[in-house]
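Note sheet for the following structure.
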Amino acid sequence: MNEILRKSMSEAASAVEKELEKYYSVYRDTDTELVRKAEIYSLTAGGKRIRPYLVLEFCRAFGGNEKSALPFAAAVEMMHTFSLIHDDLPCMDDDDLRRGRPTSHKKFGEATALLAGDSLALRAVETAMSNPYVSKETALAGGLALARAAGSEGMIGGQIIDMRGETEILDFETLLKLHNKKTGAMIRVSANLGCLAAGLTSNDPEYAAAEEYADGIGLAFQIIDDILDAESDSATLGKSVGSDAENNKTTFLSFMSAEDARAYARKLTEEAADAISPFTGCENLILFADYLIERKN
């Protein structure tokens, strides 16, 4: 990884983790302590913090203040963590390992894990809508964008299509739709939130360019995930591998070889970089796009 990007991502992850701590340090209800522990267990399991990084970096690239972006970055990581907890449940992918340690339902039981995920989703929207460093209108817009990206029109809708793919073969257009919703919606809203924190609106050209970039890297990210699930190992990925084949899921490798899939991901990445290259300050984001398709986990 490029050293400049490594430093940028490390600093962003540290800032987001400190921000997340703030939302739990005032939790004092001992009768509901278990759900707090379950939320924190998954939130602090590590990971690349890709989505909050996009929030912070788009805000910085377009002239905003990191302070304005941090509540949005924390909110999107909460929402992402909710999705991971639920995705691992026995009624979904039934995974035992996430980020190198037992999944939430293995640690706390299925019911507590389910409730921890629910709590994180609600806390995510509350956190975005309570952002004190942007206008009330911007905080509301951020909360609405996050809720829509996570709901039936976004990530949850994508999961529904994904479940269909376990019992029927999806065509390529449906596969693209699936990932535009399931993976893409949360990456897109991360770019949206960074732009909002920088004071932009959907009418600004930077906002549209950020969405085009996010759509490209989101799809490329999923292609690499499909390849890694087929070719990597649990020790490297920190999660179970081979689940796509085991569950008979339709993936990009259902339509092309791993070599062709990597070439497709590269094309999408180059197009994503082209979308933001006219704007100064986006150098880290271009490096970040390259990192996502070269990653090993």
Q: Sort out which residues of the range 158-208 are open to solvent by 70 Å² or more (accessible area, probe 1.4 Å) and among the acidic types (Asp, Glu), and write them in order of number.
A: GLU168, ASP171, GLU173
Q. What single numbered condition from (1) open to solvent by 50 Å² or more (accessible area, probe 1.4 Å); (2) farther than 14 Å from LEU193 by Cβ; (3) in contact with a Leu (Cβ under 7 Å, 6 or more places away or on another chain) fails to hold for THR112?
A. (1)
Q: Kindly list, by first and then second residue, each pair from a residue in the range 161-173 that is closer than 11 Å to PHE252 by Cα to a residue that is open to solvent by less than 60 Å² (accessible area, probe 1.4 Å) and assigned to a loop (DSSP other than H, G, I, E, B), limited to pairs with Cβ atoms under 8 Å and residues at least 6 apart or on different chains.
A: LEU170/THR250
Q. Looking at the range 36-93, which of its residues are outside any helix (DSSP H, G or I), under 21 Å from LEU292 (Cα atoms) and among the small types (Gly, Ala, Ser)?
A. ALA45, GLY46, GLY47
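Does the range 94-101 contain any residue that is within 29 Å of ALA12 (Cβ to Cβ), part of a helix (DSSP H, G or I) and open to solvent by less than 40 Å² (accessible area, probe 1.4 Å)?
Looking through the range 94-101, none of the residues is within 29 Å of ALA12 (Cβ to Cβ), part of a helix (DSSP H, G or I) and open to solvent by less than 40 Å² (accessible area, probe 1.4 Å).
The values are calculated or read from the model by the stated rules, or taken from the named source; none is laboratory data. As the structure is a prediction and not an experimental result, all values here were calculated from the model. Quick reminder, even Gly has a Cβ in these numbers, built from the backbone with ideal geometry, and neighbours come from all protein chains shown. The protein model used for the area step is the full one, side chains on, heavy atoms only, and it has no ligands, DNA or RNA in it. Shrake-Rupley method; radii C 1.70, N 1.55, O 1.52, S 1.80 Å.
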